Amino acid sequence: MPPKLQVIELDARYGDRHVLYDVSLDIPDAAVTAIIGPSGCGKSTFLRCLNRLHEETPGATSTGRILLDGEDLRSKDAVSVRFRVGMVFQKPTPFPNLSIYENVAAGLRLLGVRRREELDDGVVDALLHAGLWEEVENDLDAPGTSLSGGQQQRQCIARALAVRPEVLLMDEPCSALDPIATHKIESLILKLKREYTVVIVTHNLAQARRVSDHTAFFYLGKLVEFGPTLKIFEQPGEKLTENYVTGRFG
Amino acid sequence: MRWLKALDRTFHGITGAAAASLLLLLLGLLIVLYDGARPALLRFGPGFVLGSSWDGAHDLYGAYPAIAGTLLSSGLALLFAIPVALGVALFLSEMAPPWLREPLAYVVDLSAAVPSVVYGFWAFYVLVPFVRSTVEPGLASLTGGTGPFSGSPTGLDLFTASIVLAIMIVPTIAAFSREALRAVPRSQREAAMSLGATSWEASRLAVLGPARRGIVAGVILGLGRAIGETIAVAMVIGNIYLTPTSLFSPAQTLASLIVNNFGGVGPGLERSALFEVGLLLLAVTVGVNVLARLLLGQTSEPRGPRRPAGFRLRASALLGRQHHPLPHPVSPASASAGADSAVAAGRWSSHLVDRVPKNLRRRRALHWVVVSICAGALLLAILPLASVLTTAFDRGGGAVIQPSFYVSENPLGCNPGPGRSCSLGGIGPEIQGTLLLLGLGALVAMPLGILAGIYLSEYGRRGRSRFARGASFVADVLTGVPTILLGVFVFAVFLRLDHDSATSALSGGFALGAVMVPLVARATEEGLRTVSTGVREAALALGFTRHRMSLRVVLGSARNAVVTGALLGLSRAAGDTAALFVTAGSSSFWFQGFNQPTAALTPFIFTNFGSEYANLASDAWGAALVLLLMMLLISVGARWVVRSRSVGAEL
């Protein structure tokens, strides 16, 4: 199966600060790829390049190519790239003045969906998919911010799923959550990978091990090692990777 | 060590007393105005607000025309100002290239520093003729000259006054809206963008909603300013005491009524009626400001879980629609058993993807339309400042380059004719008077304001003291009280204490002090609050006593902010006309004693702006330019102080 995303010689900077050096990586389809590494290694920047969000930061630049299904992201409109590559952030980001329903429907409305039935279907479907439906089915008109942290995060996942992206990027989606909420999101990720390509940045090594099929280890802006998760954790090819995954630094 | 404790307590007491003076100022204002208004209140009762005459011969007074004029002019001003201010705020916070944002915002803020007498002067010479010759006839012919557009356009009317008010409140509304927009975290915008929103859609979806409360508060504060604005309105509204019947009617507002009549009346029923008008104005502006501050205060409160009633019904209605023929009906009952089975991958992808290019072009176009509109709003907002500056340089530049202008007395009014040239004279006494009044005001306001600010920040932290929070709130409200009322207040107090010096340099100085105190107190408080708790605790841990910690460590590291606040207060006081006009008296002589009337720049402009003598008009423009240059200097100076963060603990 061809890779969903091909990253070729990616370099990224914030102004004068060089944060990613010559990263090349093939992200496989219908699988979970985890990005691990110590703080400041460029893993979030890497993720933000994949839906061209990086370029929205003032002063941010990048070179190199990223292919989605073989097509260069840069040759396409940024808005339509982001519609195919969804993203979930570290902290839940519900739109505070919108209801749960409208939060999830936001992306559909952007796409011009107007018919009530179509919206209803999309919202219900996305909430079911995100495993949130049963908890909110009676509260759809409550503000999106009235949910607990874990529920808000799943609401944001539902919002991203509602437009049916092909790739889902997750930037430390559980770092602000308690263990039970984390567990729910992890099992959701395992379920999602049957239909989506998931890329997850995480600080939590155990989490990377539990949810991912492939793992990339970044250090100081460089890709050190990339391979099947089991191999990275059990038989790392590099000394640096071994030191990191066994907890000697990081 | 006991004496150190005592010193701490003394310091607490002194700063607390300074903070209490803010409360006393508001309370005193209320009492003095009420006291002055009592004869009129007894005589006219509640009918005062419906009475429509201002008849000195028969001693009949009613405020209805002024109330109507105030509501109409400020309402109309809001109508003009809100779209422009929102456009400015959106452009500056969301759209402008990052390196342009600060300088542009600075220019917009600068237009808030132009004294209202200068705006009025400019409007009288530039705006009024334009409105009279072009705008109003155009409107009249478009509408057939009926209803609100009836009557003959004179340019000196409700319509022009509303435009001037709008120009003056746009910076206020824009500043508060911009703050509210900027307070929305970046992650909100990014969340919207990663859903595939264009940048305008991200603003609409993720930024405008959360910022709504702050924007509304800014609009209400703008309304408060419009209601209380005195001098600029008095210069262009026509000042005829009739209930307006059209936009082109000359009118009066509550504030312009006071400033136009207060100087000329002796003790008696008319003065009392003016006090009652003042009481009305105070009630309205305080009410509006309290509302706005309450709204602003709430933004910081976290929103707790909320369960609105009625959602259950609607949600079940949503599920009850299962009989609708959907492409792939989702049955939640069965789906919840196995969510993934109900969701066929890519089921919608195809037809959604088809949609993208179709509506994308329209959405991109919409984005650029909105950006252009907002950029246009910014240009519109900057235009008045540019015009004010060029007009002032054009008409006053000749005067200010002559050294004698700064040291000579006012000339006799004269028009140059054949074989006759006029002496330009100068504004020496006015400059002397203004400096003196500012000095007097600062002498009162700086210690009081800074001490009060220390109390509000150091003893009111973390909601420890309800009194401190209340005083801080009152200081905010006081900055929204029209300065004409502060002038009337000081005048009335002096009248009671020492009849002869009610209009004097001393009285004027106190009036400017009253204008400055709340500004300085709040600026100091804000500045001190930026000093981190860590620094304070470190100082206390080193064995500093509380007052030494406040004075040396905290004040030391927040010195720049305090200086900026003091400059802001000075600049506001230097540009004030209304409070001086009723307290400093009228004089065109050099200093004659603290208990004598004194000359000053702003009243000089206000009394001579329409002078039929060419040399006096030139002098007034020269004075306006001097004021503008002073404002620019103070503003640039304050910015420089903020920039040069030489935060040292060498105090």
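Amide H contacts of A:V201 (H built 1.01 Å from N, in plane; Pro and chain starts excluded): A:I35, A:M170, A:D171, A:E172 sit under 5 Å, all sequence-distant by 5 or more or on other chains. The distance separating the Cα centre of region A:136-189 from that of region B:488-562 comes to 49 Å. Calculated on C-alpha atoms, the gyration radius of region B:32-182 divided by its Kirkwood radius gives an Rg/Rh of 1.09. Under 5 Å between amide hydrogens, built in the peptide plane, is the criterion, and for A:T215 it picks out A:A34, A:G227, A:T229 among residues at least 5 positions away or on other chains.
The B:V407 and B:R639 beta-carbon pair, evaluated with R₀ = 30 Å, returns a calculated FRET efficiency of approximately 0.50.
Mind grabbing the base-10 log of I(q)/I(0) for chain B at q = 0.09, 0.10, 0.11, 0.12 Å⁻¹? Debye formula, identical points on the C-alpha positions, no solvent, two decimal places. Listed by q, the Debye log ratios stand at -0.84, -1.01, -1.17, -1.35. Once you sort the root eigenvalues of the Cα gyration tensor of region B:227-294 as a ≥ b ≥ c, which label holds: rounded (a/c under 1.5), prolate (a/b larger than b/c) or oblate (the other case)? Oblate shape, in that a/c is at least 1.5 and b/c is the bigger or equal ratio. Dimensions of the protein assembly as shown from C-alpha coordinates, computed as largest minus smallest value along each principal axis and given longest first, are 98, 80, 59 Å.
With θ taken as phi - 60° and the Karplus curve 6.51 cos²θ - 1.76 cosθ + 1.60 applied, the whole-hertz 3J(HN,Hα) list for region A:232-241 is 4, 8, 8, 10, x, x, 10, 4, 4, 4 Hz, x standing for glycine and proline. On the basis of the beta-carbon distance and an R0 of 35 Å, B:S423 and B:L383 show a calculated FRET efficiency of 0.45. In this structure the amide hydrogen of A:A60, modeled in the peptide plane, comes within under 5 Å of the amide hydrogens of A:G15, none closer than 5 places in sequence on its chain. Qualifying trypsin sites (Lys or Arg not before Pro) in region A:69-99, where qualification requires a DSSP coil assignment and no more than 16 other C-beta atoms within 10 Å, comprise A:K76. For region B:94-135, taking Cα atoms only, Rg and Dmax work out to 15.1, 41 Å respectively.
Given R0 = 60 Å, the distance between the Cβ atoms of A:E242 and B:L435 translates into a calculated FRET efficiency of 0.20.
Cross-link partners of A:K231 among aspartates and glutamates, defined as those whose alpha carbon lies under 13 angstrom from its own and excluding same-chain residues fewer than eight positions apart: A:D213, A:E242. Here the label points at B:W368 and B:S133, each 7 Å from Cα along the C-beta direction, are separated by 3.8 nm in the simple model. For the set A:K76/A:K239; A:K91/B:K358; A:K76/A:K222, the pairs lying more than 31 angstrom apart at their alpha carbons are A:K76/A:K239; A:K91/B:K358. Each DSSP beta bridge with both residues in the protein assembly as shown is either parallel or antiparallel, and the antiparallel ones are about 60%. Note on A:K193: lysines with a C-alpha under 16 Å away, same-chain residues under 8 apart excluded, are A:K4, A:K184.
Exposure proxy shown here: for A:D69, A:D26, A:D16, A:D141, the number of other Cβ atoms within 10 Å sets the order, fewest to most, as A:D16, A:D69, A:D26, A:D141. With the simple model of a label 7 Å out from the Cα in the direction of the Cβ, B:R43 to A:L190 spans 8.8 nm.
Derived scalar couplings between HN and Hα for region A:11-23 equal 10, 9, 9, 10, x, 8, 8, 8, 10, 10, 10, 6, 8 Hz in order, rounded to whole Hz, by the Karplus curve 6.51 cos²θ - 1.76 cosθ + 1.60 (θ = phi - 60°), x for Gly and Pro.
Considering only GluC sites (Glu not before Pro) in DSSP loops that have at most 11 other Cβ atoms within 10 Å, the longest stretch of chain B without any of them is B:1-611. What the phi angles of region B:227-239 give under the Karplus curve with 6.51, -1.76 and 1.60, with θ = phi - 60°, is a coupling list of 5, x, 4, 10, 5, 4, 5, 4, 7, 10, 8, x, 6 Hz, glycine and proline written as x. Taking the Cα centre of each part, how many Å lie between region A:228-250 and region B:168-243? Their Cα centres are 53 Å away from one another. Each residue in B:F275, B:F130 was given a count of other beta-carbon atoms within 10 angstrom of its own, and listing them fewest first yields B:F130, B:F275. Absence of a disulfide-compatible partner, taken as no other cysteine beta carbon within less than 4.7 angstrom, is noted in chain B for B:C374.
Exposure proxy shown here: for B:W122, B:W3, the number of other Cβ atoms within 10 Å sets the order, fewest to most, as B:W3, B:W122.
Here, each number is a calculation from the coordinates, and none is a lab measurement. Just so it is clear, the model here is predicted, and its values are computed rather than measured. Glycine also receives a Cβ, built like all others from the backbone with ideal geometry; neighbour counts cover every protein chain displayed.
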